[in-house]
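Each remark here refers to the structure printed beneath this line.
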Amino acid sequence: MLLSAINASLSSQNISIELSTKWVKGFDIFQKDSTICYPELIITYRNNSDTNYYFQKISNSRCGLPMLPCGTLLQYPIDEYLNPNYLKRTKTHGNYANEYYNVIIGRDMSFNKGWICMNDTTNIELEEEIEMINCDLADIYEYLYRENVSELLNNSESAKFYFSISDLTPAKILNEFREKFVFLMSGETYINTYNICGFQLVKGNFTFYIDPSSLKNYVNTTPVWDKNQLKYIEVKTALPKEVGEYKLYSGKFNSNKISIIF
């Protein structure tokens, strides 16, 4: 693995969100009796101010595994819809060794915030189909989750995709939905770690970065039907200006990019 870090912001901001990587020891996902090293991506949130702040977390995870969208399952036969074989899907992933991708973190403002992997020639501001590499990565992480965290599957997984307006009270944000937000006292640091062995498996040239517009003063809540446009429209609902001891932070922040070649 080749790694480079690029500073993405030079001005001083109250909040910084930094990316870094490290190698850790673990088990081969296909051979549990084999020990290997795999990479982790670390997201470090820092409050550089003298004010206590809160904001929506830029990325959620399932037990340290990133979530990526999959646009289609047309590559699988009908039996795979009814009885998916995640091990088979994982073993038949594509090889993207000679491709270059941007991995954008924090662009989605919904309930479960994941990552999206896009070819570096794609214009992110235009609507594009989800690329196949996202499906390959999603399958790998679904297999890892089901194989290694199977005891959690005894509890029904949340099918929640959006906050409801009633979710966004200070009490519910501070308690019921606390894991969806970052709460930083003055000078405090908070760290999330993500397993990126899936990217190591599919290979490729990846630049990880945080969408610079991630920290907004609203979230998308349950869509409503627009009879004029004949489609569901996401609703932007403002977050509380204060939650407990914390003030809402939105706007600019310091960050960096990490480029990794597998």
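Read the figures in this text as sums done on the coordinates, not as results from a lab. All of these numbers come straight from a predicted model, not from anything done at the bench. Counting neighbours? That spans all protein chains shown, and the Cβs are built from the backbone with ideal geometry, glycine included.
When the Cα positions of TYR143, ILE43, TYR101 are compared along the charge dipole of the chain, ILE43 comes out farthest toward the positive end, with charges on each C-beta of Lys, Arg, Asp and Glu.
In the chain, which longest range has no GluC sites (Glu not before Pro) that are both DSSP loop (not H, G, I, E or B) and surrounded by at most 15 other Cβ atoms within 10 Å? The reported range is 1-124. A dipole drawn for the chain from +1 and -1 charges on Cβ atoms has a positive end, and of SER59, ILE15, PHE163 the residue lying farthest that way is ILE15. Restricting the calculation to Cα atoms, segment 2-261 yields a radius of gyration followed by a Dmax of 19.1, 59 Å. Applying a 4.7 Å cutoff between beta carbons, the unpaired cysteines of the chain are CYS37, CYS63, CYS117, CYS197.
Relative to the dominant Cα principal axis of the chain, helix 132-148 is inclined by about 90°. Candidates TYR194, VAL182, SER250 compared by Cα position along the dipole of segment 155-262: farthest toward the positive end lies SER250, with charges placed on Cβ.
Only helices enter this figure: runs of n ≥ 4 DSSP H residues, each worth -39500 (n - 2.57), summed and divided by the residues of the chain, yield -4000 deg cm²/dmol at 222 nm to the nearest 500. Under a model in which nothing but the beta-carbon of Lys, Arg (+1) and Asp, Glu (-1) is charged, the chain shows a dipole of about 500 debye around its Cα centre.
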